[in-house]
Amino acid sequence: MSLDVDQIIDRRRLRQKLTFWRVVGVLALVAALGAAAFVTVGRTAFEGSPHVARIVIGGLIRNDRERVELIERVARSNAAAVILSIDSPGGTVTGSEQLFNALRRLAEKKPVVAVVEGIAASGAY
């Protein structure tokens, strides 16, 4: 009788180990497929394919280095064109000039179209 109990315990341990390694194998397979999909499709979906970029200019226009960096990143990207979505009452002189210069540099590389959503006063137009 004791031999049967030992065999049952051994089988249960083997089954648990087998189940563990099956789960690890399935997770590894899913991770590998996800990585392969990102490498093949992910890069072309986000970087390689031409697209139309949209830049939102809203609120008070002021010195905003992050906005200028965004415009420069769009200029370097594979965007085929750019849509400016404007809803701004204007802003500071230096901020408006900084934005204007960044948009002029962008317009030299890509077609740019401005769409006024609400108001485009002062430095926003």
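Laboratory data are not the source of any read-out in this text; all were calculated from the coordinates shown. All of these numbers come straight from a predicted model, not from anything done at the bench. Don't worry about glycine lacking a Cβ; one is built from the backbone with ideal geometry, like all the others, and counts go over all protein chains shown.
Principal axis extents of the C-alpha atoms in the chain (largest first, rounded to whole Å): 94, 27, 23. Less than 5 angstrom separates the built amide H of residue 91 from those of 61, 123, 124, all sequence-distant by 5 or more or on a different chain.
Radius of gyration over Kirkwood radius for the stretch 50-124, both on Cα atoms: the Rg/Rh ratio is 0.95.
Taking the longest Cα principal axis of the chain as reference, the axis of helix 65-76 is set at about 80 degrees. Taking amide H positions as modeled 1.01 Å from N, with prolines and chain starts lacking one, the residues under 5 Å from residue 57 and 5 or more places away or on another chain are 85, 86, 87. Amide H contacts of residue 120 (H built 1.01 Å from N, in plane; Pro and chain starts excluded): 88 sit under 5 Å, all sequence-distant by 5 or more or on other chains. Per-residue 3J(HN,Hα) values for the stretch 114-124, derived from phi via the Karplus relation 6.51 cos²θ - 1.76 cosθ + 1.60 with θ = phi - 60°, read 9, 10, 8, 7, x, 10, 9, 9, 6, x, 7 Hz in sequence order (x marks Gly and Pro). Working note: Karplus 6.51/-1.76/1.60 with θ = phi - 60° gives the stretch 29-41 the couplings 5, 5, 5, 5, 5, x, 5, 5, 5, 5, 5, 7, 9 Hz, where Gly and Pro are set to x. When the chain is described by a simple charge dipole with +1 on each Lys and Arg Cβ and -1 on each Asp and Glu Cβ, the residue from 103, 55, 24 located farthest towards its positive end is 24.
Residue-wise HN-Hα couplings along the stretch 84-100, as the Karplus relation 6.51 cos²θ - 1.76 cosθ + 1.60 with θ = phi - 60° gives them from phi, are 9, 9, 10, 8, 8, x, x, x, 6, 5, 5, x, 5, 5, 4, 5, 4 Hz; Gly and Pro carry x.
If you plug the beta carbon distance of residue 10 and residue 31 into 1/(1 + (r/R0)^6) with R0 = 25 Å, you get a FRET efficiency near 0.20.
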